[in-house]
């Protein structure tokens, strides 16, 4: 039986083999109708891609590195899984992901240019800048997600955490809340600093009350939210509303309230940040801020795909506005 190759499909479809290759790899340079016809023809002919041969011919590994600031602490497991799953869906056909942390690589010999075809850096800290610079100097196509960076030569997709925090706190104030506590995020993470700064600015602008014993530091992980909330509830007085700087810590805080006999939102209100997939299934359903992770990852992968195809016309920077998600965890104190 004659082997079906990309050139076989190209001859039958009356297009170039480059067009067939791009269509099978879901390149944005090919029209959707053309992709559909080529994929249908490939299926009919029984085409099976030979990734090893393809990699040798094109000098590609068909491996995309996805690098988080750190994996052991700070990075929420929920956020980690969410990003990886969304990236897998968005990647062109034939590519695989390899996961690692910038922290661990910075302590080792780093990476080789030939290991990866491209890199997705999910950055939380300015300490990642040296790693990003190293990737660029090696000539690796790179996109940076999650944190706005200062440089203008790298595609960059993130969200405005300051604005998201401002939105949800002002909502709680409109609902009549005048006393607030905060469970702060991971040290050295830009998102935690931006959310805390917005908290401080809103508190000052609206002259609401925040006692020192209502301020606790977390790590973005559920257990830290649990311990911080227990400490806040152990104070002589408690605020009416707690801002947990991410949903994972909010979950821990909610559990602490339940263990100590506090009703949410009857006795105390809790607000989070990120709108992780589980937030709408909690009891009560969590009022939070939707971080547009889906859009950030899709836009980032699309930009990386253009870099891989040498078709990027310009470097894109996009800071997406987050959305307030009102559910059931904030009590209305206006009456």
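The values are calculated or read from the model by the stated rules, or taken from the named source; none is laboratory data. Just so we're clear, the structure is a prediction, and the values are computed from it rather than from any experiment. As a convention, Cβ positions derive from the backbone with ideal geometry for all residues, glycine included, and neighbour counts pool all protein chains shown.
Quick notes
- Of everything in the stretch 186-200 that is out of contact with any helix residue (DSSP H, G or I) (no Cβ under 7 Å at 6 or more places or on another chain) and in a helix (DSSP H, G or I), the residue that is nearest to residue 251 (Cα to Cα) is 192.
- In the stretch 282-296, the residues that are in contact with a helix residue (DSSP H, G or I) (Cβ under 9 Å, 6 or more places away or on another chain) and in contact (Cβ under 8 Å) with a residue 12 or more places away in the chain: 282, 284, 285, 286, 287, 288, 289, 290, 291, 293, 294, 296
- Residue 139 being surrounded by fewer than 21 Cβ atoms within 10 Å (Cβ to Cβ) and over 24 Å from residue 294 (Cα atoms): yes
- Matching residues in the stretch 157-185 - criterion: being in a loop (DSSP other than H, G, I, E, B) and touching a strand residue (DSSP E or B) at 6+ places or on another chain (Cβ under 9 Å): 160, 175, 177, 178, 185
- Cβ-Cβ distances below 7 Å connect the following pairs, each with a first residue in the stretch 29-58 that is at pLDDT 75 or above, a second residue that is exposed (fewer than 14 other Cβ atoms within 10 Å of the Cβ), and a separation of six or more residues or different chains: 29/311.
- Screening the stretch 103-148 for residues that are at pLDDT below 90, outside any loop (DSSP other than H, G, I, E, B) and in contact with a helix residue (DSSP H, G or I) (Cβ under 8 Å, 6 or more places away or on another chain) and picking the one that is nearest to residue 84 (Cα to Cα) gives 105.
- Residue match in the stretch 74-84 (condition: more than 13 Å from the chain's Cα centre (by Cα) and at pLDDT below 85): yes
- Set 310, 275: member being without any contact (Cβ under 8 Å) to a residue 40 or more places away in the chain, on the phi > 0 side of the Ramachandran plot and not assigned by TED's automatic domain parsing to the domain that holds residue 18: 310
- Among the residues making up the stretch 1-28, those that are under 26 Å from residue 300 (Cα atoms), in contact (Cβ under 8 Å) with a residue 24 or more places away in the chain and not in a loop (DSSP other than H, G, I, E, B) are 22, 24.
- Residues of the stretch 310-335 that are within 24 Å of the chain's Cα centre (by Cα), in a loop (DSSP other than H, G, I, E, B) and farther than 19 Å from residue 274 by Cβ: 312, 314, 315, 316.
- Any chance residue 186 is at negative phi and at pLDDT below 95: yes
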